[in-house]
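> My questions all concern the structure below.
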Amino acid sequence: MTDESTQQRVDTGIPGLNEMLNGGFFSGTTNVVSGESGTGKTILGSQFLYEGAKKGEKTMCIITSEESKSIIREMKTSFGWDFNELVEKGFLTFVDITDPSLRLQKSVEIAPSELIKSFKKLVESKIEEIKPTRIFIDSIEALFLAIESNYKLRTLIDDVFGVFRKHNVTSVITVGAMYNLDTMVEYGADSVVKLGRIRTGNNLQRSVYIMKMRGSATSNEVRVLNISDNGMAVLKQSPYLE
Ligand SMILES: Nc1ncnc2c1ncn2[C@@H]1O[C@H](COP(=O)(O)OP(=O)(O)OP(=O)(O)O)[C@@H](O)[C@H]1O
Ligand SMILES: [Mg+2]
C-alpha cells in the first residue's frame, strides 16, 4: 500500500534530491534514473549505496556490463570513496552478472528472455542470502536490449522489478536513452529521476527533474545538478536562469 502516512522514506544520499522527492524514495520501491550518456547516472546510484553502507546498512551493486565494472575505481578517483573497504566490512556486495563463473550466459545463443529468467533467479537468491536494504543496478540496458517485442519487454520489466518489490528492497536502476527502452523502463518504475544537460550560450549545465513519483507530490522544477570532488548535489537554482 502506498500510504503516505505509513510508508517510510529512504534518504537518497544526494543533497537536495530528497527535497525534490518530498522526503526521499519510498522504502521498498523501484526507482529509475534515466538520462543520456555522461549525465551522472552511475554516480547517483553509487552515492545512494554509499549513503546506506556508511550508515551500516547492507547494500548490493549489480553489474550488468563491461563498462559498469569500473565503479570501484571511478568512485575512488572521482570522490575518494573507498568501496573496497565497504566490501571488506560487509556493507557492500557486488554481483557481477558478466562473471562467467555464474554461468548466467551458458552460451551466446541463449534466448534473451531465458537470460532474464536466470538473472531473476540469481538476484533473488542473492537478495535472500545478503538481505540488502538498498540495491543499485548499473544499468538495465544489457538485460533488455535484445527483446524485440514491446509487449514482452513491458512484461519482463515488470517481472524483474517485481523481485525487488517482493523483497522490500529500495532499488535504484539506471537506464540510458536508447531506442525506446528508457521509455518502457520508466513506465515500470515507481519513480523516475531524469538527468540531462542544458546549454545556455557557451555554457553546459547538468540538470535534474522528477519525471514521476507514484503516491507522492514532487517538485515540478528543473534544477542544476552539481558534481564536485565531494560528490553529487542538487542546487536550488534552475539551469535556465542566470
Ligand atoms: N570529481 C568530479 N568533479 C566533477 N565532475 C566529475 C567528477 N567525477 C566525475 N565527474 C563527471 O561525472 C561524469 C560521469 O558521470 P556518470 O559516470 O555517473 O555518468 P553516466 O550517466 O553513468 O554515464 P554513462 O551513460 O556513460 O554510463 C563524468 O563525465 C565526469 O565529467
Ligand atoms: Mg554509467
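The values are calculated or read from the model by the stated rules, or taken from the named source; none is laboratory data. A quick note: this is a predicted structure, and the numbers were derived from the prediction, not measured. Every residue, glycine as well, gets a Cβ built from its backbone with ideal geometry; the counts of neighbours run over all protein chains shown. Side chains included, ligands, DNA and RNA excluded: accessible areas come from the protein's heavy atoms. Shrake-Rupley method; radii C 1.70, N 1.55, O 1.52, S 1.80 Å.
> Could you look at the stretch 41-164 and say what percent of its accessible area is carbon and sulfur, using a 1.4 Å probe and all protein chains?
That fraction is 50 percent.
> Set the bar at 18 Å for Cα to Cα. Now go through LYS55/LYS131; LYS120/LYS152; LYS121/LYS194 and name every pair that lies beyond it.
Correct reply: LYS121/LYS194.
> Loop-only check: which chymotrypsin sites (Phe, Trp or Tyr not before Pro) in the stretch 157-242 are DSSP coil with at most 14 other Cβ within 10 angstrom?
Filter output for the stretch 157-242: TYR179, TYR240.
> So, one more: Could you work out the relative contact order of the stretch 9-234, using alpha carbon pairs under 8 angstrom and six or more residues apart, expressed as a whole percent?
Relative contact order for the stretch 9-234 comes out at 31 percent.
> Once the other residues with Cβ under 13 Å from the Cβ of GLY176 are scored (Lys, Arg +1; Asp, Glu -1), what is the net sum?
-4
> Something else now. Using the Cα centre as the reference, give the magnitude of the dipole from point charges on the C-beta atoms of the stretch 104-167 (Lys, Arg: +1; Asp, Glu: -1; all else neutral), rounded to the nearest 20 debye.
260
> Take ARG73 and GLU88, extend 7 Å from each Cα along the Cα→Cβ direction, and tell me the distance between the two endpoints in nm.
A separation of 2.0 nm, rounded to one decimal place.
> Follow-up question, since we're still on this one. Between the stretch 205-242 and the stretch 138-172, how many Å separate their Cα centres?
25
> Applying the Karplus parametrisation 6.51 cos²θ - 1.76 cosθ + 1.60 with θ = phi - 60° to the phi angles of the stretch 69-75, what ³J(HN,Hα) value in whole Hz is obtained for each residue in order, glycine and proline being reported as x?
Result, ordered by residue: 6, 8, 3, 4, 5, 4, 5 Hz.
> While we're here: Taking the Cα centre as origin and putting +1 on Lys and Arg beta-carbons and -1 on Asp and Glu beta-carbons, what dipole magnitude results for the chain, to the nearest 20 debye?
For this selection, approximately 180 debye.
> For ALA217 paired with ASP99, estimate the spin-label separation in nm (one decimal), with each label point 7 Å from Cα along the Cα-to-Cβ line.
Once both label points are built, they end up 4.5 nm from each other.
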